[in-house]
Amino acid sequence: MNSNSGGNDACQSCEFQENLNILRHIYFFSRLPLDTLKVLAYLCEREVFKAGDTIFQQNDDDGQALYIVSGEARLLHHDGSHESEIREYAAGDFIGGLSLTGKMERLFSLEAKTDTVCLILYREKFTKAMDQFPDQAPRIFQAMAERLLTWERNFLNDHAATCEGCIQFVGVSLL
Amino acid sequence: MKRNEQTPIIQRSMFSWVLEGNGKLQALLLLVIVVTVFARVLPLEMQKRVINEAIKLRSTDLLMIYCGIYLGSVLLASGLKYLITLLQTVIAQRVLARMRKQLYQHILTLPLSFFRKTQPGLVVNSLVTELTTAGTFAGMAIAVPVTNVLTLLAFAGYLLWLNWMLALISLTIYPMVLYLVPKLQRRANRANKERVDTGRDMSDKITESVSGIHEIQANGAFAIENRKFEAITDKMERIRLKWTLFKDGVKVTNNLFTNLGPFLIFIVGGYLSMKGQLGLGALVAFLSAQEKLYDPWKEIIQFYQVYQDASVRYERTMSYFDAEPEFALTPEGREPLDLEGRLEVEDLSFVTDDGIRLLEGIHFTLEPGQQLGLVGFSGSGKSTLAQCVGQLHNYSSGSIRLGGQEVAALSKQDMTRNMSFVSQSPFIFDGTIEDNLLYGCAAANTDKDSAGADGLPSLDDRIAILHQTGLFVDVLRFGLNAKLLEEQHRELRDTVVRVRNSFQSSYGKALADHVEFFDPDRYLYYASIADNITFSASNREEFATEALASNRYFLDFLVASDLKRPLMNLGLELARQTVEVLGDLPPEAVFFEQSPLEPQELPDYKELVRKLKSKRLHQLDGATQEKLLDVALRFQPGVHKLVGFPQILEDLILEGRSLFRERIAEEDPEAFKFYDMQAYISSQSILNNILFGRPKTSHPKAQEKINQNIIQLLIEEDLLETIVAIGMQFQVGSKGDRLSGGQRQKLAIARAMLKKSRLMIMDEATSALDNNSQSRIQNLLENRWKGKSTLIAVVHRLDIIKNYDQIMVMKAGKIGEMGKYDDLIAKKGMLYELEFGRK
């Protein structure tokens, strides 16, 4: 893992603006008004992870949501004896919005496959900021609920017919 | 114990404070008063003699003598008056301090149930405001009535001696005043009582809104809360109006009657003088003496009012705290007991004041060193049971015996000596880590095995407990972030410089990704612009970083190096962006971590940005320019991302750095100490000194990597303990708010374990910890404390209870089931249901 270079490259002059643009296009934040988004964009931090670095660890409660700005990462699951790769994430993916809303331990690990730049928002800062805009919390929950619903609908459409055992375990949108 | 501490403070009368500990002062005061009264009457006699003797006999000598005596006694009276005020104030402040201390002492011992019903604001108000008048009263209690009654009697006697008839006439007004004033005062007192009570309601209301502000804002319940507050405020307005009307009514009545005095003298005295029955000198003396009756009389009335006000407030305050502690603080007639860790609980029940049964028929025994895990649904009484065993509540019936002794009959000192308690949300007090770590030991002073000279655990023990509870690395970090003063740590500073060199060769490469090393030829993105320009530290106040923007020499340099205008521009942009993004947020530190502005500066810069909308940079006055430069000089491009950092400015600053070095070397070589591998940098932390650079990130994983390397180095150099000892001096802030939730909880556990008590009670003590820390504490309990200390742990996570000697599952205040983990799971009863859910 590497820290933010802090260097004076072309992007430096517009990091805040860039963060703002990124947040505007993430479903989790997309319903928030611009003033709130600006505060959140300001509170985000960038971290550079080197290939092989762990971004977050299974069983930890690291309290962060992250957006992959560049690079690739692997989602891993450890079941006590062996580790299996679930899927890969690439630039443009947003991971861990739910862990911003409250204490939550990771059921998976995320490892940088190549050198990866992440935009990170910590729960502590997110909560403090949202405390200032209490009337906007429902927008976040609404976005979350919609996402959950879409996820399950797609799952039913795409996989329920082909995967026999799966239908037993659906129902996350009924939570 | 002292005499007065035996009578509970709440039952003491206000008068009991007047003499206590102040006997000698009060006696001295009386003596001074008697002399003062004499010094006050003497001028009147001199006045008469000047007119009747000196002027009449045209004797300059007599005139000089009488005037001399007059002047002398006036000076003496003024001096003594000052002395009286001084003595009164000393007594008043001593009494007030004593009252506050004793009431505070009393409040701390009151049962927890009392505090559930009491708002902190009210306790603050009682101790800070309401008692002050009682203190003032104690200062006045003897001095004022005695001085003024004596003065009054002396003047009255003098008047009677001058002319008994006139005297009697002018004294007739006082009985009338004495009849009317108490009547008015009684009504003022009634209003005053209402005022104290309403003040209490008001303080309750304010405290409630402040603590519930999230709920109010989340519900947008502003109108509802405003209505509640307005109702109390309106009531207060009415009561204060009534109180003031009656209080001032007393003054007005008194004034009216005393002003009638001279009127009577003019009529009767004037007539007698015309008839030749009264000398002119005597009439003048009479008039003066009569006038002087007024002052002592006014002071007596004022004293009466203070007395009435003070007794109302005093009684109201004391009656509010009229509750008894549930347990004796110290054992009577014996040393505190050392108890075995055997715990027997029989048929225990606990019923609240409102009749709610929280515990019923609890029955169990723990042998010394056994561990009991308490689980159950929330509201099942787990915490209440833990608190009853820990003597925080007095149980209603049944029995709890610790080491064969009934807990209810033990004193607090017995309990604190044998027990340590970690509560659900432990409280950390303002002070250092060390203060908090030693809090329990200092209170109980029980640690006898490894006690140092002061009876407190040794440094080795303190460090060991930090290790065991997982707080060590945090404290080490605090130590590494501290700055070392030259006069206190000369040797350590030298060692750090030596260590720096071996660090660079052994670990420099491994940390290059996370650390920005101080390099004279490269721009430092994690250092301020000021540091980048000077690349040095100054011991002189005028060159301190915060003073640079207003330092004439430095400003001239900025102009010469073409940096002033671009920096002002940058400052303006920073101020603008910060105000735009953070302008409406509260001044909390967390929001300002990524801005060069401090939270308290925001209002100033908001105003500045507003003004600058219509002005250009060159039109700004000197002070505004300095303000903009100040922000710019603090800018760190690696941390403050609100604005960009143009390449051209970076190049200019690098050029400026070498120009600055040349200039300083030539003009004032002692002013700055340039960063040098061979010298300690006072303005930087120990860590930055070892690194000879700055960490680039606060990301936990990067910090871990830096920590690992630094710890390795410190172990090699045998510096670990020294730095941890410095870290223990870290100030945790009010309520420990400079620590994270996990750090606070670990500190509370460490504080409890350091006591090495026979009984340990942990009420969800690890709920804020991450998994690793939680397992660490659990291992510690199982491996280090099992068999040594009896443990009752309220547990919220079921995966850590497998190795407890006994598990108690509670339901609705009763024991649902109890036994070993495996047995209970095999039984498929309540524990099974809790762990695996209803199947």
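The values are calculated or read from the model by the stated rules, or taken from the named source; none is laboratory data. The shown structure was predicted, so the numbers you read here are calculated from the model rather than taken from an experiment. FYI the Cβ positions are ideal-geometry reconstructions off the backbone, even for glycines, and counts take in every protein chain you see. Accessible surface areas use protein heavy atoms only, side chains included; no ligands, DNA or RNA. Shrake-Rupley method; radii C 1.70, N 1.55, O 1.52, S 1.80 Å.
Pairing residues of region B:331-352 that are touching a residue at least 12 places away in the same chain (Cβ under 8 Å) and on the phi > 0 side of the Ramachandran plot with residues that are in a strand (DSSP E or B) and open to solvent by 30 Å² or more (accessible area, probe 1.4 Å), at Cβ distances under 7 Å and at least 6 apart in sequence or on separate chains, gives B:Asp347/B:Gly361; B:Asp347/B:His363; B:Asp347/B:Gly398.
Of everything listed in (1) in a helix (DSSP H, G or I); (2) open to solvent by less than 70 Å² (accessible area, probe 1.4 Å), the single unmet condition for B:Leu110 is (1). The strands (runs of 3 or more DSSP E) falling completely within region B:736-826 that include 1 or more residues that are among the β-branched types (Val, Ile, Thr) and either farther than 30 Å from B:Thr432 by Cβ or at pLDDT below 90 (or both) map to B:790-794, B:806-811, B:814-819. The number of residues in region B:607-635 being at pLDDT 90 or above and open to solvent by 40 Å² or more (accessible area, probe 1.4 Å) comes to 3.
Considering region B:487-530, the residues that are of a type in the set (Lys, Arg) and under 39 Å from the mean Cα position of the chain (by Cα) include one that is most open to solvent (accessible area, probe 1.4 Å), namely B:Arg490.
Can A:Leu119 be described as touching a residue at least 40 places away in the same chain (Cβ under 8 Å) and within 13 Å of another protein chain (Cβ to nearest Cβ)?
In short, yes.
For region B:676-708, a residue qualifies if it is closer than 27 Å to A:Arg46 by Cβ and among the hydroxyl-bearing types (Ser, Thr, Tyr), and the qualifying residues are B:Ser685, B:Thr697, B:Ser698.
The number of residues in region B:116-138 being under 30 Å from B:Gln387 (Cβ atoms) and more than 18 Å from the chain's Cα centre (by Cα) comes to 3.
Please go through region B:758-775 and pick out each residue that is within 11 Å of chain A (Cβ to nearest Cβ) and either under 13 Å from B:Lys382 (Cβ atoms) or of a type in the set (S, T, N, Q) (or both). The answer is B:Ser767, B:Asn771, B:Asn772, B:Ser773, B:Gln774, B:Ser775. When residues in region B:10-39 are screened for being small (Gly, Ala, Ser), closer than 19 Å to B:Phe137 by Cβ and surrounded by 15 or more Cβ atoms within 10 Å (Cβ to Cβ), 0 of them pass.
Quick check: anything in region B:640-654 in contact with a helix residue (DSSP H, G or I) (Cβ under 8 Å, 6 or more places away or on another chain), open to solvent by less than 20 Å² (accessible area, probe 1.4 Å), among the hydrophobic types (A, V, I, L, M, F, W, C) and part of a helix (DSSP H, G or I)? Within region B:640-654, one or more residues are in contact with a helix residue (DSSP H, G or I) (Cβ under 8 Å, 6 or more places away or on another chain), open to solvent by less than 20 Å² (accessible area, probe 1.4 Å), among the hydrophobic types (A, V, I, L, M, F, W, C) and part of a helix (DSSP H, G or I). Being under 47 Å from the mean Cα position of the chain (by Cα) and of a type in the set (Asp, Glu) is the filter; apply it to region B:244-297 and report the residue that is least open to solvent (accessible area, probe 1.4 Å). Checking each candidate, the answer is B:Asp248. For the list (1) in contact (Cβ under 8 Å) with a residue 24 or more places away in the chain; (2) within 14 Å of chain A (Cβ to nearest Cβ); (3) under 39 Å from the mean Cα position of the chain (by Cα), I need the number of the one condition that B:Ile653 fails. So B:Ile653 meets the others, but not (3). With respect to A:Ile86, determine if the residue is buried (at least 17 other Cβ atoms within 10 Å of the Cβ) and touching a His at 6+ places or on another chain (Cβ under 9 Å). Answer is no for this residue. Note on region A:77-99: residues that are without any contact (Cβ under 8 Å) to a residue 40 or more places away in the chain and touching a strand residue (DSSP E or B) at 6+ places or on another chain (Cβ under 9 Å) amount to 15. State yes or no: is B:Gln105 surrounded by 14 or more Cβ atoms within 10 Å (Cβ to Cβ) and at pLDDT below 90? Considered against the rule, which asks whether it is surrounded by 14 or more Cβ atoms within 10 Å (Cβ to Cβ) and at pLDDT below 90, B:Gln105 comes out as no. Across region A:147-175, what is the number of residues that are free of Cβ contacts under 8 Å to residues at least 60 places away in the same chain, surrounded by 10 or more Cβ atoms within 10 Å (Cβ to Cβ) and not polar (S, T, N, Q)? Selection size over region A:147-175: 16. Among the residues of region B:396-419, the ones that are out of contact with any Asp or Glu (no Cβ under 6 Å at 6 or more places or on another chain) and either part of a helix (DSSP H, G or I) or within 15 Å of B:Ala386 (Cα to Cα) (or both) come to 14 in all.
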